[in-house]
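Quick notes on the structure that follows.
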Amino acid sequence: MSSDRDTILAGVRAALAPLAARAPLPDWDRDLVRVRTLQPAADPWARFAARLTAVNGTPLTAVADLVALLEKNQWRRGYCDPALWPQFQGAFPAHFTVETAFDRTRVDDYDFGLTAAAGAIAETGTLILTDRGTSSRLAALAPWVHIAVLRREQIYADISAALAALPDDPNVIWVTGPSKTADVEGILIEGVHGPGVQVALLQ
Amino acid sequence: MAQQLIDQFAARLPADRRAAVYQSTKTTHEKRTAMLFDQFAEPHRLRALAGGIKQHVLENLDTLLPAVEAKLQANGAQVHWAATAEAACAAVLRIMQARGATKLVKAKTMVSEEIALEHFLAAHGIEALETDLGEFIVQLDHDRPSHIVRPIIHKNRREIAQSFERHGLGAYDDDPQTITRRARQFLRQKYLQADVGLTGANFVSVESGRLVLVTNEGNSRFSLAAPKCHIALVGIEKLVPRDRDLGLLLNLLARSATAQQLTVYTEFITGPKAATQPDGPEELHVIFVDNGRTDVLASECRAILRCIRCGACMNVCPVYRQASGHAYRSVYPGPVGAVLSPLLAGKKFPELADLPKASSLCGACHEVCPVDIPIPDLLLRLRDQGKRAGAPLAAAGTPPMGAWALLASQPAAWKAALLGGKIINYLPTKLLPVPPLRAWEKSRTLPEWRGGEFRRWLRHRTTP
Ligand code: SF4
């Protein structure tokens, strides 16, 4: 293997040797990628919620609204991050079955998964999840509904701000709306491998 | 005059396919343009900057590659190098065998197609299943992708439903919703059974060693949630210098590819899963693949290695819209493929030497490219290379130019020809006895011959 490394690096050096000068790294101002059509709203949550709605996500501010949504669609079996369970335990009606361990042999037994978000991006309606902050990757992905619990002070204004504050974590994931595809005749279908319903719940 | 291969493909393409490819590429292109110009004040400046950043990467790979390797290793990844397709396949196999792994799920990676990994692994008793919906359907049908972002742009729902029925994925139902649900149910079991999740990487930040992966379907996320080992196949050109540069590139990639602000799932991966995380890989292997890239880097066409695989150039290309992706007979279709495929073909260059001619040089591909690759220039260079190499395909569809060259290099003969050309105005061209010329004449009218007048005009023009 090390010989492949040497071959490649020698090839690269030989390819670049004839260049009289190397292209410099351009610097650029992050204002250039600020979306000009989106006026900064006074309230970061309001702006985030508007963008999340634009990508067919579901912003909610009250646990009661969440329970009503789940009840209306008969999504009554779910998973809850054990760290969040004390906070939500009382909110779910008795006929809901909520587990705090995700059993990967029964992925289809869960209608929803509730986990913590590590942040959000207002400009794009994006939720930020981390590996240390998400109690189970599968629980945040396999159920039809994913609920990410978010605090107001975790909302970044735009992509550049979120990149500047990327957490030190082995797996940071930005989720912008429900999982989707347009592979079949360009028709938009949501819920391909991941959630068909992406909820952000403000706490 | 032999017909160009790409014309033959275009001629064989059924009219409904052509219409479908045309319609969906056109729609995507229009949405992309509206979004970019609506939302950003200076989209062309962004393209130039992104191009500059990627060009910097290419011209500094000698220092950036060792730097990113050190960063990745410090983050807990195992780094491998593969100079050739065979070496890359062997590296994947070695990692799998060391773990006793026999099942692999693949989230879209172009490099794996380039190195024909699936075929290789199958010969070693390893199942490599595609998880992107379009790629999955292509795999079921033993077909080939025809677009780098929309692999089944050439298929309709009826064919897909038939093939699902044939493969035991349910009775015929061509509702796209049903098709997607069936794939969802089938594939989630496969993720859960797989030993290894294989991905590519859209970008790798040298600053932080983060691998960046984008998908809309969430298949890369699932491939990294269920299996215990992650292998990433990464072309050596995929680096970006700093995390902040991703702000530019991610914004441009999503808009250029699918007219989205951001792709649904954008993952930043530095290593195996966190200790507290129950799901996900315990090992991360990054395989840097050359497979012809250093040769491209050494060529005059190195700018093509800036490509971020957005597909915008094929969406806008009049030739791609008529011929569709299979006409390019390689992993990369469209304008990017017309440059990259012959270059990556190495010794097989002559077999693809016609591709650089599959362009009217209209320049639309350059205009949309988020990393500002001057594709028409590169096409011209490759045409020249093909002709010089005497590749027969490079000459197909082009009239012999020997007589023309002779005429144009003798001033006296040239002047006489210009004057004598007037005779064309009096020729009954419709009755010419040369069938190809008659065919040409059918849909065109020759302009009046005015040979020699330019010089007269130049002599007598009034200078301001
Ligand atoms: S060449 Fe440019 S436009 Fe074409 S796929 Fe690559 S990045 Fe996109």
Members of region A:75-98 that are out of contact with any Lys or Arg (no Cβ under 8 Å at 6 or more places or on another chain), surrounded by 17 or more Cβ atoms within 10 Å (Cβ to Cβ) and not hydroxyl-bearing (Ser, Thr, Tyr): A:TRP75, A:ARG77, A:GLY78, A:CYS80, A:ASP81, A:LEU84, A:PHE88, A:PHE92
Test: B:THR266 is within 20 Å of A:ILE128 (Cβ to Cβ), in contact with a Phe, Trp or Tyr (Cβ under 8 Å, 6 or more places away or on another chain) and of a type in the set (Val, Ile, Thr): yes
Within region A:28-63, tally of residues that are within 9 Å of another protein chain (Cβ to nearest Cβ) and either part of a loop (DSSP other than H, G, I, E, B) or of a type in the set (A, V, I, L, M) (or both): 10
Residue in region A:92-113 that is within 12 Å of another protein chain (Cβ to nearest Cβ) and under 16 Å from A:GLY57 (Cα atoms) present: yes
Conditions (1) within 16 Å of the ligand (Cβ to nearest atom); (2) in the same structural domain as B:ALA87 (by TED's automatic domain parsing); (3) of a type in the set (Val, Ile, Thr): number failed by B:ILE269: (1)
Filter result for B:GLY386 (away from the ligand (no atom under 13 Å from the Cβ), open to solvent by less than 70 Å² (accessible area, probe 1.4 Å) and touching a residue at least 12 places away in the same chain (Cβ under 8 Å)): yes
Residues being under 20 Å from the mean Cα position of the chain (by Cα) and of a type in the set (D, E, K, R) - total across region B:32-57: 3
Scope region B:364-383; condition open to solvent by less than 20 Å² (accessible area, probe 1.4 Å) and away from the ligand (no atom under 12 Å from the Cβ); matching residues: B:LEU382
B:HIS326 being open to solvent by 20 Å² or more (accessible area, probe 1.4 Å), within 10 Å of the ligand (Cβ to nearest atom) and outside any loop (DSSP other than H, G, I, E, B): no
Answer residue from region B:307-323, given it is open to solvent by 10 Å² or more (accessible area, probe 1.4 Å) and farther than 24 Å from B:THR263 by Cα and is farthest from the ligand (Cβ to nearest atom) among those: B:GLN322
B:HIS80 vs. criteria touching a His at 6+ places or on another chain (Cβ under 9 Å), open to solvent by 20 Å² or more (accessible area, probe 1.4 Å) and either at positive phi or within 12 Å of chain A (Cβ to nearest Cβ) (or both): yes
Residue in region B:123-136 that is open to solvent by 10 Å² or more (accessible area, probe 1.4 Å), without any contact (Cβ under 8 Å) to a residue 24 or more places away in the chain, assigned to a loop (DSSP other than H, G, I, E, B) and over 17 Å from B:LYS103 (Cβ atoms) present: no
Count of region B:58-99 residues which are among the polar types (S, T, N, Q), over 23 Å from the mean Cα position of the chain (by Cα) and not in a helix (DSSP H, G or I): 3
Residue in region A:123-132 that is open to solvent by 10 Å² or more (accessible area, probe 1.4 Å) and of a type in the set (Ser, Thr, Tyr) present: yes
Selection from region B:346-363 of residues that are touching a residue at least 40 places away in the same chain (Cβ under 8 Å) and either over 19 Å from B:GLN4 (Cα atoms) or near the ligand (Cβ under 9 Å from one of its atoms) (or both): B:GLY346
Counted residues, region B:448-464 - those being open to solvent by less than 100 Å² (accessible area, probe 1.4 Å), of a type outside the set (D, E, K, R) and either within 22 Å of B:ASN425 (Cβ to Cβ) or within 45 Å of the chain's Cα centre (by Cα) (or both): 3
Residues that are in contact (Cβ under 8 Å) with a residue 12 or more places away in the chain and either more than 7 Å from chain B (Cβ to nearest Cβ) or of a type in the set (S, T, N, Q) (or both), drawn from region A:170-190: A:ASN171, A:THR176, A:PRO178, A:SER179, A:GLU190
Which numbered condition A:ASN171 fails, given (1) modelled with pLDDT of 95 or more; (2) surrounded by fewer than 24 Cβ atoms within 10 Å (Cβ to Cβ); (3) of a type outside the set (A, V, I, L, M): (2)
Output for region B:165-181, where each listed residue is away from chain A (no Cβ under 11 Å) and either touching a strand residue (DSSP E or B) at 6+ places or on another chain (Cβ under 6 Å) or open to solvent by less than 60 Å² (accessible area, probe 1.4 Å) (or both): B:LEU169, B:GLY170, B:ASP173
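Yes/no per residue for (1) under 22 Å from B:ALA20 (Cα atoms); (2) crowded, with 17+ Cβ neighbours inside 10 Å; (3) at pLDDT 95 or above; (4) in contact with a Pro (Cβ under 9 Å, 6 or more places away or on another chain):
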residue: B:ILE95; (1), (2), (3), (4): no, yes, yes, no
residue: B:ILE115; (1), (2), (3), (4): no, yes, yes, no
residue: B:PRO145; (1), (2), (3), (4): yes, yes, no, yes
residue: B:ASN156; (1), (2), (3), (4): yes, no, no, no
So B:ASP377, is it modelled with pLDDT of 80 or more, of a type in the set (Asp, Glu), part of a loop (DSSP other than H, G, I, E, B) and within 29 Å of B:GLN322 (Cα to Cα): no
Residue, farthest from B:ASP372 (Cα to Cα), within region B:227-252, restricted to residues that are more than 10 Å from every other protein chain (Cβ to nearest Cβ) and either open to solvent by 10 Å² or more (accessible area, probe 1.4 Å) or at pLDDT below 95 (or both): B:LYS228
Residue within region A:148-157 that is open to solvent by 40 Å² or more (accessible area, probe 1.4 Å), more than 27 Å from B:ARG255 (Cα to Cα) and in contact with a strand residue (DSSP E or B) (Cβ under 8 Å, 6 or more places away or on another chain) present: yes
Given (1) more than 16 Å from the ligand (Cβ to nearest atom); (2) on the phi > 0 side of the Ramachandran plot, number of the condition B:ALA396 does not satisfy: (2)
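The values are calculated or read from the model by the stated rules, or taken from the named source; none is laboratory data. The structure presented is a predicted model; accordingly, all values stated were derived computationally and were not measured. Glycine gets a Cβ as well: all are built from the backbone with ideal geometry, and neighbour counts include every protein chain shown. Ligands, DNA and RNA are stripped out before the accessible areas are found, and what is left, the full protein with its side chains, is counted by its heavy atoms. Shrake-Rupley method; radii C 1.70, N 1.55, O 1.52, S 1.80 Å.
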